[in-house]
Amino acid sequence: MPRQVDHQERRHRIARAVWRLAARGGLESVTLRQVATEAGVPPRQLQYYFGAREHLLLGALEILNADAERRAAERMDELGADPSPRALVRAVLLELLPLDDARREAQVVHAAYFVRFLTDPGLAASVRDSPPALEELVASLLRHGQDLGHTSDAMNPEAEAAFLVAGAQGLQPPVLLGQCEPARAVELIDLQLNRLFP
């Protein structure tokens, strides 16, 4: 009887190979042959699962983001049955900081993609019109905090969400470079949350 192929696992294996190559040296010179060698699969499998190189890069990024969202949801579940809006906002923002190996690798890979998007208008166009999902999530949590009376009715949830997400993302490079201790980055996040949730 022929062996059952786990297509999802194979796509993940190929995507993880892209991430490792991106984390080691960026995406500029990554070739299909390098990805196939890194993943331990024949080059034709890359085309079967992803198609052209650009589709491979975007597909690997989608898988990376889906994995990060899954891990974030698991961490949010650890907060208990009925976490406060502040605790949920904090959990979302801390996912953006390189506080463990998985988040650190994800952010290094995202940085490699960012550089690639700056130099490749075609790839950049494919993500430019994506909705700001994180900002929308944080804004909805802030509105929920307003509904519960945990934060001021005068607060602008959309503006604050944009500021919080941008601030957390802005802390990534100094933490990755060792210019800012992770504990200090968490402290800065908490200072902003204390301002919003007195």
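Consider THR151 against the criteria (1) over 25 Å from ALA17 (Cα atoms); (2) open to solvent by 30 Å² or more (accessible area, probe 1.4 Å); (3) polar (S, T, N, Q): it satisfies all of them except one. Which criterion is unmet?
In the conditions (1) over 25 Å from ALA17 (Cα atoms); (2) open to solvent by 30 Å² or more (accessible area, probe 1.4 Å); (3) polar (S, T, N, Q), THR151 misses (2) alone.
Being small (Gly, Ala, Ser) and either touching an Asp or Glu at 6+ places or on another chain (Cβ under 8 Å) or under 18 Å from PHE114 (Cβ atoms) (or both) is the requirement here; does ALA23 meet it?
Judged against the criteria, ALA23 is a match.
Which count do you get for residues in the stretch 113-134 that are open to solvent by less than 70 Å² (accessible area, probe 1.4 Å) and of a type outside the set (S, T, N, Q)?
Residues meeting the conditions: 12.
Residue under question is VAL92, and the condition is that it be within 26 Å of PHE197 (Cα to Cα) and touching a helix residue (DSSP H, G or I) at 6+ places or on another chain (Cβ under 8 Å); does it hold?
yes
Using the structure shown, decide if GLN172 is farther than 24 Å from ALA66 by Cα and open to solvent by less than 70 Å² (accessible area, probe 1.4 Å).
Criteria not met by GLN172.
Filtering the stretch 64-84 down to residues that are free of Cβ contacts under 8 Å to residues at least 12 places away in the same chain and among the hydrophobic types (A, V, I, L, M, F, W, C), which residue is farthest from LEU21 (Cα to Cα)?
Restricting to residues being free of Cβ contacts under 8 Å to residues at least 12 places away in the same chain and among the hydrophobic types (A, V, I, L, M, F, W, C), the top hit is ALA81.
Go through the stretch 113-132 and count every residue that is touching an Asp or Glu at 6+ places or on another chain (Cβ under 9 Å) and assigned to a helix (DSSP H, G or I).
So the count comes out to 6.
Of everything in the stretch 1-17, what is modelled with pLDDT under 85 and closer than 16 Å to ALA66 by Cβ? Give them in sequence order.
HIS7 - this is the single residue of the stretch 1-17 that is modelled with pLDDT under 85 and closer than 16 Å to ALA66 by Cβ.
I'd like to verify a number: residues in the stretch 175-198 that are surrounded by fewer than 13 Cβ atoms within 10 Å (Cβ to Cβ), among the polar types (S, T, N, Q) and either under 19 Å from PRO98 (Cα atoms) or in contact with a strand residue (DSSP E or B) (Cβ under 6 Å, 6 or more places away or on another chain) (or both), how many?
The number of residues fulfilling the criteria is 1.
Quick check on the stretch 1-11. Is at least one of its residues touching a residue at least 24 places away in the same chain (Cβ under 8 Å), assigned to a helix (DSSP H, G or I), within 19 Å of ALA124 (Cβ to Cβ) and not acidic (Asp, Glu)?
Scanning the stretch 1-11, I find no residue that is touching a residue at least 24 places away in the same chain (Cβ under 8 Å), assigned to a helix (DSSP H, G or I), within 19 Å of ALA124 (Cβ to Cβ) and not acidic (Asp, Glu), so the answer is no.
The values are calculated or read from the model by the stated rules, or taken from the named source; none is laboratory data. Note that the structure is a prediction, hence the values are computed from the model and not measured. Quick reminder, even Gly has a Cβ in these numbers, built from the backbone with ideal geometry, and neighbours come from all protein chains shown. To get the accessible areas, we keep the full protein, side chains included, count just its heavy atoms, and leave off ligands, DNA and RNA. Shrake-Rupley method; radii C 1.70, N 1.55, O 1.52, S 1.80 Å.
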